[in-house]
1. Determine the sum of side-chain charges near A:Asn225: Lys and Arg each +1, Asp and Glu each -1, restricted to other residues whose C-beta is under 10 angstrom from that of A:Asn225.
2. Once Lys and Arg get +1 and Asp and Glu get -1 on their Cβ, which of A:Ile296, B:Ile61, A:Tyr145 lies farthest toward the positive end of the dipole of the protein assembly as shown?
3. Can you list the residues, at least 5 places off or on another chain, whose amide H is less than 5 Å from the amide H of A:Thr219, using H built in the peptide plane?
4. Would you be so kind as to identify which of B:Val180, B:Gln116, B:Ile135 lies farthest towards the positive end of the dipole of region B:46-192, taking Lys and Arg as +1 and Asp and Glu as -1 on Cβ and the Cα centre as origin?
5. Full-extension gain between A:Asn169 and A:Ser85, please, as 0.36 nm times their residue separation minus the C-alpha to C-alpha distance.
6. Would you mind counting up the charge near A:Val237? Only other residues with Cβ under 12 Å from its Cβ, with Lys and Arg at +1 and Asp and Glu at -1.
7. Nothing charged except the Cβ atoms of Lys and Arg (+1) and of Asp and Glu (-1): what's the magnitude of the dipole of chain B about its Cα centre? Round to the nearest 20 debye.
8. Give the Cα extents of the protein assembly as shown along the principal axes, in whole Å, largest first.
Amino acid sequence: MLLRNSGSAKTTIRSSDITPEQTFHQHNQARRRFLAGAGTLAAGALATRYMPDLISPASVVHAAGTPLKTVPGKYNVNEPQTPESKSTTYNNFYEFGTDKSDPSKNAHTLRTRPWTVQITGMVKKPQTLDIDSIMSYRPIESRVYRHRCVEAWSMVIPWDGYSLSELINFCEPLPSAKFVQFLSLVDRKQMPDLPGGYDWPYSEGLRIDEAMHPLVLLTFGCYGNTLPNQNGAPIRVVTPWKYGFKNAKSIVRIHFTDKQPKTTWNQQSSEEYGFYSNVNPTVNHPRWSQAHERRIDASSFPHSIPTLPFNGYADQVAGLYSGMDLKKFF
Amino acid sequence: MPKRAILAIKIFLHLGLLAPFAYLLQISRNGTLVQNADPVNYITHFTGDWALYILLASLAITPLRRLSPQIAFLIRFRRLIGLYAFFYASLHLATYIFLFSGYDLPTALIALKNGQPGELVTQAKFVWPTIWDDIRKRRFIQVGFASWVILLSLACTSPAFIMRAMGGKNWQRLHRLVYVAAIAAVVHFWWLVKSGVRTPWKVTAVLILLLGARLAYTALKARSKPTPKLATQ
């Protein structure tokens, strides 16, 4: 299969979509005038004073990492990036609480050193690898990917890591291995808010040919620094053409198997979250449309943009699914 | 209860019930809201939560005032509280239509200011298929919308002259639908959260408590009713 880098992929933002700066300021002024009038309600001041817990500005970035030595990557999306302050405070990392502001408040309890990753299952030699040796195994590339959550919002994030295929090759899976499973840390001591009702540890997986695709990033950092805890430190995967929940965070074990692994959200609600979960605007989530997404970038209110098949990576990855009914294997 | 005290309490209630809305305006103005990565999601949950809290507060009046004749005056605030529940439910619905659905409100407002009202329609045409699809297919939308329609009909019939025109019995029959609205609102909440998320349990517990109190009261009354008759005989 011919792999093309995303420099040739079409970008989703038309220049007409970008708000001219002047218009933006005009709008802001109009809004300010309106709000200034309405905001004189005496209750406003009272409310702000007595309801501080009801909003979560959560500008705290826990364990904002140390700078990483990176090399420029080949796969970069040329779209406005999501500010770090947003992508590190709006996270689904249920082990640290189910609200999206919870992980940035709670994940400071995660201990990322010492950290090891077990390599198990159908490999030539099962072994335990130390995080620092994994990180130094290959040069760390910086890659700017689109990130599409199954909840219909999206971001553009500069990740730092190297292709998962490099580590898989190092693990030497047996020919019988058809799937690779990622298991996340579960530890009540570090995760006091671990919610009940889920079959922990968090489990995700890919078909091995998917996992070998160079776009799948074994990720150690973002924005040039090691991952903040709430973003899945110290090691996670990023599969940019799939919904975000496919990207297991804080991985402690990589398991090779011949059977499709049980994955957390699929087990939880199989009609809502398929094993494949490729981004697909024509297959709606039972409870909402997947045709559009709210793009979270530097603008104050997210704009709604059309969702692209395979999150805009169809050129590179659609071939993995040729002949498959993607409505059935969603 | 002296008139002045009632008035004072009413002013206090207005301020208190407007406080969440004022807070929302305040954080939009001072930039706190846009620090939130997904303000649309935030506003949606904020207005929905408060609609539900206030609706439950209005349902708490009756069981509370039954506790003692001394607090029977509470009934005089029920309509006010109920109307605020409708106010927040309407904000919630408007958030869904003009922000959540993909309607680009900021762009539409700028266009309107520049004398292009057509943009409002363009945006509506753009999101209409999504909204229609939601109404047809998604049960959490259906049940939430049904709850709002009930609250709308109760709000429309809340003025005293309409109540008189309808006759007390009819009016009461219609306004008992508030129970359906509250149950529908809580079901709406359960159906929208992800599997395994239990956030709605608190409001559910409160609703069960409030409905249970009514059932208990009715049962007690039914049992104690014959007693005075026997006594008078």
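The values are calculated or read from the model by the stated rules, or taken from the named source; none is laboratory data. Just so you know, these numbers come straight off a predicted model, no measurement behind them. Using ideal geometry, Cβ is built from the backbone for each residue, glycine included, and neighbour counts are taken over all protein chains shown. For accessibility, only protein heavy atoms count, side chains too; no ligands or nucleic acids. Shrake-Rupley method; radii C 1.70, N 1.55, O 1.52, S 1.80 Å.
1. Summing Lys/Arg as +1 and Asp/Glu as -1 gives -2.
2. Projecting each Cα onto the dipole axis, the largest value belongs to B:Ile61.
3. Distant-sequence amide H within range of A:Thr219: A:Arg236, A:Val237, A:Val238.
4. B:Val180
5. Numbers: separation 84, 0.36 × 84 = 30.24 nm, distance 3.53 nm.
Taking 0.36 nm per residue and subtracting the Cα distance, the gain is 26.7 nm.
6. +2
7. 1500
8. Projected onto the principal axes, the Cα atoms of the protein assembly as shown cover 94, 64, 45 Å.
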